[in-house]
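K.L.:
For reference, the structure I am asking about is given below.
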4 protein chains.
Amino acid sequence: MVTDLNSFTEQFQLSDQAININDIPWIPQSDRVWFKPLRFDLTTGSWINLLKVKPGGAVNRHRHTGGKVMAYTLQGQWRYLEREWVATAGSYVFEPPGDIHTLLVDGDEEMITLFILEGSIQYLDDNDQVIKQDDVFSKMKLYYDYCEQNNIPIKELRF
Amino acid sequence: MVTDLNSFTEQFQLSDQAININDIPWIPQSDRVWFKPLRFDLTTGSWINLLKVKPGGAVNRHRHTGGKVMAYTLQGQWRYLEREWVATAGSYVFEPPGDIHTLLVDGDEEMITLFILEGSIQYLDDNDQVIKQDDVFSKMKLYYDYCEQNNIPIKELRF
Amino acid sequence: MVTDLNSFTEQFQLSDQAININDIPWIPQSDRVWFKPLRFDLTTGSWINLLKVKPGGAVNRHRHTGGKVMAYTLQGQWRYLEREWVATAGSYVFEPPGDIHTLLVDGDEEMITLFILEGSIQYLDDNDQVIKQDDVFSKMKLYYDYCEQNNIPIKELRF
Amino acid sequence: MVTDLNSFTEQFQLSDQAININDIPWIPQSDRVWFKPLRFDLTTGSWINLLKVKPGGAVNRHRHTGGKVMAYTLQGQWRYLEREWVATAGSYVFEPPGDIHTLLVDGDEEMITLFILEGSIQYLDDNDQVIKQDDVFSKMKLYYDYCEQNNIPIKELRF
């Protein structure tokens, strides 16, 4: 017996989404670093992506401004230059707003990690000056530009 | 050169957290279903856990009330009885508030999926009456009870 | 000089919204209690409303399951039967997930408070059994039903 | 009858908070502009504050990067140079991530508005270069510095 409220909810609730990473290309981000987007949330500014880094690759020193980050490592291993721990497959990492760190992949294996990000990523020089900034829009633009340049259909990841 | 604001931020920012799933036990949830918690956020009521379901297992029909759910499939395959899609390794699923569904694992392989949950899970009978409810506290209690009963140290997952 | 990223952002960013409470009716909620919705966020299940309670009115004992609540008092005064503090104009209140309380307006003045809510509101009987539940959809339905019954145009508050 | 889960929840739930704006000073922000903080959420980077602007005052052109903003006007009126609407007492405004605007108070009356902010505020010059940035930490530092300089006890607003 569906009550009236249940019918109302069913009528107005948003659609679910099921996306497979095989349907999304790896977007080059920097030397030996790629990302694959899964969701762009334009209401809150958060986004979700896989990050792939080949051995010897790095994500330069950056600060997470105005939002937290969560990471779940799928394969390989990585660490932050400024921390003691090493993330391996099955590691869950929480990074608070304001955190500054440098991502390194020292091992022999390609690293792939699921990242859930909020706020912005501010890349810093040695004097802590911001030299580059990423947010939900810059990552989305990288995805759109790459798809257009390579004749890949753009998946709707805004939800 | 660290500016004063940078020192202030470093002084007050929360600690990062790095947890490996190997340090947390599988908690029995129902027949052929287990979960492994990664984070209990008592400020917002959200929580993160791995879910493991053996072939033939199911999570009974339930509604996500008052929050969204996101899932990333790590291994195996699963589906919702009420939907057309099948999630396999690398599938990312978004479930909106209000969504009602029944999780099934039909395949031969054990399924493991990372879930990020908000709100509450309300298990429904055939008349859509709530017969059981889970939220961040009920999952946390299952974890604490299991650890105490099995002399396993409780990891601090409240952050 | 608008850079390409700025143009991209401007193209894709969501619209801002500006709503005045004078354009939204007071919806009867219970004896001496009304609400006026400002936002229904169907992506997260949160919603925002003004609450108006006439002297002697109450919101029966309830639990906030699966989400936090924040309140800013605009006029009048109120308290929770289970707490020591009294909220007056300019009081900001934070209620954590799981909190149980009974809202009372003892004074002579009508109380109006801005509430930002997540999760669900579960009204409890003396044995802590749930006898009624509100969430973003039930409040939205009350608004839609009231507008239809009174020939008031429904404002689009889903954003 | 309190069930075991209810006792567990009561034991672990966070404390509620009730703060009155009369207990917090107005912090000078710029010429004819003050703010009064109500909450610093260091887990997500969001913060809540009242903003007071005297007639003729302005908040220079800025972008909200990596987060949404919500505003509820308590008194007076204000607008964004780049928009058509005017906010008056009782106006609720939603500003999406990426939004760029210049806040103006043209009227005769002091404006006071409750703002709930996420991400960061990036003040832009005429070439869209970032010349100053605010986030939860910079606003918290302004509050702490002002209290220390004026021998005002710092209220704990981190929750």
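The values are calculated or read from the model by the stated rules, or taken from the named source; none is laboratory data. Note that the structure is a prediction, hence the values are computed from the model and not measured. Here Cβ is always computed from backbone atoms with ideal geometry, including for glycine, and neighbour counts include all displayed protein chains. These area figures cover heavy atoms from the full protein model, side chains too; ligands, DNA and RNA do not enter into them. Shrake-Rupley method; radii C 1.70, N 1.55, O 1.52, S 1.80 Å.
K.L.:
Being closer than 13 Å to A:L103 by Cβ and open to solvent by 50 Å² or more (accessible area, probe 1.4 Å), is that true of even one residue in the range A:43-54?
P.N.:
Checked against the condition, which is being closer than 13 Å to A:L103 by Cβ and open to solvent by 50 Å² or more (accessible area, probe 1.4 Å), the range A:43-54 yields at least one hit.
K.L.:
Would you mind stating whether D:R83 is open to solvent by 40 Å² or more (accessible area, probe 1.4 Å) and in contact (Cβ under 8 Å) with a residue 24 or more places away in the chain? Please lay out each step first, then the result.
P.N.:
Details: open to solvent by 40 Å² or more (accessible area, probe 1.4 Å): yes; in contact (Cβ under 8 Å) with a residue 24 or more places away in the chain: no.
So D:R83 fails the test.
K.L.:
Condition first: surrounded by fewer than 20 Cβ atoms within 10 Å (Cβ to Cβ) and under 30 Å from A:R63 (Cα atoms). Can you find one or more residues in the range D:72-80 that meet it?
P.N.:
For the range D:72-80, residues surrounded by fewer than 20 Cβ atoms within 10 Å (Cβ to Cβ) and under 30 Å from A:R63 (Cα atoms): absent.
K.L.:
Here is a follow-up. Since C:Q122 meets every condition but one in (1) assigned to a loop (DSSP other than H, G, I, E, B); (2) open to solvent by less than 10 Å² (accessible area, probe 1.4 Å), which condition does it not meet?
P.N.:
Just one mismatch for C:Q122, condition (1).
K.L.:
Something else: Scan the range D:89-127 residue by residue and report those that are more than 22 Å from C:N6 (Cα to Cα) and touching a Ser or Thr at 6+ places or on another chain (Cβ under 6 Å).
P.N.:
D:A89, D:S91, D:T113
K.L.:
So is A:Q29 surrounded by fewer than 18 Cβ atoms within 10 Å (Cβ to Cβ) and not aliphatic (A, V, I, L, M) or not?
P.N.:
no
K.L.:
Next up: In the range B:49-83, which residue that is aliphatic (A, V, I, L, M) and within 14 Å of chain C (Cβ to nearest Cβ) is nearest to A:V93 (Cα to Cα)?
P.N.:
B:M70
K.L.:
Another question, if that's okay. Among the residues of the range A:134-159, which ones are in a strand (DSSP E or B), at the interface with another protein chain (Cβ under 9 Å from one of its Cβ atoms) and open to solvent by less than 50 Å² (accessible area, probe 1.4 Å)?
P.N.:
Selection gives nothing.
K.L.:
Which condition number in (1) without any contact (Cβ under 8 Å) to a residue 12 or more places away in the chain; (2) away from chain A (no Cβ under 14 Å) is the one that D:E110 fails?
P.N.:
The one condition D:E110 does not meet is (1).
K.L.:
Which residues, counting only those in the range B:91-107, are within 17 Å of the chain's Cα centre (by Cα) and more than 14 Å from chain C (Cβ to nearest Cβ)?
P.N.:
Within the range B:91-107, B:S91, B:Y92, B:V93, B:H101, B:T102, B:L103, B:L104, B:V105 meet the criteria.
K.L.:
Of all the residues that make up the range C:1-58, how many are touching a residue at least 24 places away in the same chain (Cβ under 8 Å) and out of contact with any Pro (no Cβ under 6 Å at 6 or more places or on another chain)?
P.N.:
Total satisfying the criteria: 35.
K.L.:
Here are the criteria: (1) under 29 Å from A:L42 (Cβ atoms); (2) facing another protein chain (nearest Cβ under 7 Å). Tell me which single one A:D128 does not satisfy.
P.N.:
(1)
K.L.:
Let me ask something else about it. I'd like the residue in the range B:1-41 that is under 30 Å from B:I112 (Cβ atoms) and of a type in the set (S, T, Y) and, out of all such residues, is farthest from the other protein chains (Cβ to nearest Cβ).
P.N.:
Only one residue tops the list, namely B:S30.
K.L.:
A:E10 versus (1) over 25 Å from A:P153 (Cβ atoms); (2) crowded, with 18+ Cβ neighbours inside 10 Å; (3) acidic (D, E): which is the lone unmet condition?
P.N.:
(2)
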